[in-house]
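One structure is given here, and the rest of the page talks about it.
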Amino acid sequence: MDGAGLLHEAREALRNAHAPYSRFRVGAAALASSGTVYRGCNIENVSFGLGLCAERVAVFSALAAGATEIVAVAITTERDELVTPCGACREVLATFAPRARIFLADRGGMIREVGTADLLPGREGTL
Ligand code: THU
């Protein structure tokens, strides 16, 4: 599956986003080396700190299903602004998807491809 296909999966995942507090709805999809795609969306909670980001849900879903390698992750919003992962998600991506291609997109389509080293410089040596 290419980046566009994975981005489509992320858009589908976005439909399930639960973001009544921020109103910033996010969808993500993680592609495992097996070819299986795991979707995620952000899920907020009235206790704000309990919310989870879309990409973390997707990556953890992949891990929970037994995926051993994540080769690509797509993250998108329904807005005209690029979504960029928070610090916690950067750490999770660097830990569990260190070699993944990461596609960051807005409503209009694919915008930028990055690697975990771009998102979290200096982390490589501690993997
Ligand atoms: N969010 C994500 O799900 N992924 C990102 O990459 C950026 C932020 C979520 C967290 C929160 O539910 C909302 O977007 C606003 O920050």
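The values are calculated or read from the model by the stated rules, or taken from the named source; none is laboratory data. Bear in mind that the values here come from a model prediction, so they are computed numbers and not experimental data. Don't worry about glycine lacking a Cβ; one is built from the backbone with ideal geometry, like all the others, and counts go over all protein chains shown. Note: areas computed on protein heavy atoms with side chains; ligands, DNA, RNA excluded. Shrake-Rupley method; radii C 1.70, N 1.55, O 1.52, S 1.80 Å.
For region 89-109, the set of residues classified as in contact with a strand residue (DSSP E or B) (Cβ under 7 Å, 6 or more places away or on another chain) and either without any contact (Cβ under 8 Å) to a residue 12 or more places away in the chain or buried (at least 16 other Cβ atoms within 10 Å of the Cβ) (or both) consists of Leu93, Phe96, Ala97, Ala100, Arg101, Ile102, Phe103, Leu104, Ala105, Asp106, listed by residue number.
Just to be sure before I move on: is Thr126 in contact with a helix residue (DSSP H, G or I) (Cβ under 9 Å, 6 or more places away or on another chain), open to solvent by less than 80 Å² (accessible area, probe 1.4 Å), modelled with pLDDT under 95 and over 18 Å from Gly27 (Cβ atoms) in the structure I sent?
So Thr126 does not fit the description; no.
For (1) touching a Gly at 6+ places or on another chain (Cβ under 8 Å); (2) not β-branched (Val, Ile, Thr), each residue gets a yes or a no:
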{"residue": "Gly66", "(1), (2)": "no, yes"}
{"residue": "Thr76", "(1), (2)": "yes, no"}
{"residue": "Arg79", "(1), (2)": "no, yes"}
{"residue": "Val83", "(1), (2)": "no, no"}
{"residue": "Arg90", "(1), (2)": "no, yes"}
{"residue": "Ala100", "(1), (2)": "yes, yes"}
{"residue": "Ile111", "(1), (2)": "no, no"}
